[in-house]
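Have a look at the structure below before the remarks.
The values are calculated or read from the model by the stated rules, or taken from the named source; none is laboratory data. This one's a predicted model, so the numbers in the text were calculated from it and none came from an experiment. FYI the Cβ positions are ideal-geometry reconstructions off the backbone, even for glycines, and counts take in every protein chain you see. Ligands, DNA and RNA are stripped out before the accessible areas are found, and what is left, the full protein with its side chains, is counted by its heavy atoms. Shrake-Rupley method; radii C 1.70, N 1.55, O 1.52, S 1.80 Å.
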Amino acid sequence: MSESKDFPQNDQSTRDAGGDSARDAGGDGGVPAPRTMARMFPPGAGPSPDPAGSHHERRIRSFQPRRSRVTKGQRMALERLWPRWGFDVDGLRKLDLGELFGDPELPVVLEIGFGMGEATARMAAADPATGVLAVDVHTPGQGNLLRLADEQGLANVRVGNGDAIILLREMLAPDSLSGLRIYFPDPWPKARHHKRRLLQPEFLDLAAGPLRPGALVHCATDWEDYAEQMLEVLSAHPEYENTQQDGGFAPRPQNRPLTRFEGQGLDKGHKVRDLLFRRR
């Protein structure tokens, strides 16, 4: 295993998912108190409540799993499709992405935090020649994305359950990813919680390993100060370069769908910022 790093756990409970995030129970700098979650599925038949268990170090969290109800349709999709299209981020093995997607030549993009999966499914449908490795901790969202993929015949979507930090560090080979997407991560707006934000130099260090040269890193947020932090951190990192000649934010690419949450934010006067960087 790699040496422990002091960066936040990945921010996978995006605010675009609907439902409420659990309150931070860890104080200003501590780790939130662990909660015991009942196992919903037999081992291997669905997402585990704690896939990495206690064999990985605890870190300051940048996400809180939400306690939303799993609908009948979502549960049925998980029961039927998880053994084929889902996997737990347990940190105990290396993923063979060619085997996972059934095509060793397929370029794969990692999406961290997909909410209920509508935008993920739309992007996967628009680009069937790219595999989407979508990782989240929200069980209803996992079930909903699997349902959408099945209904739309999307063979290029795989759903991971757990901490994307562990996925990046322990389970992905160097130069195995063609892109990284992080849309509307939790902004942790209070200043004392900014250390919980996902986009930090240590996270970019880690992501640089699995990202192959030329891989596109696409981030989006509607929090102005978080957008400025993202731009500053990405611009300062030697492994990434801005695709914009002026060194600033990018126009929203046509391939990123306008989500319901984003539309609500725009109606309220929020300004959405996109960042497009490439792995050197």
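Restricting attention to the stretch 49-89, and to residues there that are open to solvent by less than 20 Å² (accessible area, probe 1.4 Å), polar (S, T, N, Q) and not in a helix (DSSP H, G or I), which single residue is modelled with the highest pLDDT? The extreme case among them is 64.
Restricting attention to the stretch 258-278, the residues that are crowded, with 17+ Cβ neighbours inside 10 Å and more than 17 Å from residue 189 (Cβ to Cβ) add up to 6. Scanning the stretch 180-231 for residues that are of a type in the set (S, T, N, Q), open to solvent by 10 Å² or more (accessible area, probe 1.4 Å) and closer than 19 Å to residue 244 by Cβ turns up just one, 229. Considering the conditions (1) out of contact with any Asp or Glu (no Cβ under 6 Å at 6 or more places or on another chain); (2) free of Cβ contacts under 8 Å to residues at least 40 places away in the same chain; (3) not hydroxyl-bearing (Ser, Thr, Tyr), residue 252 is excluded by exactly one of them, (1). The residues listed here are 153, 143, 162, 131; of these, the one that is open to solvent by less than 10 Å² (accessible area, probe 1.4 Å) and on the phi > 0 side of the Ramachandran plot is 162.
Exactly one residue among 196, 212, 192 is modelled with pLDDT of 95 or more and among the charged types (D, E, K, R), and that residue is 212.
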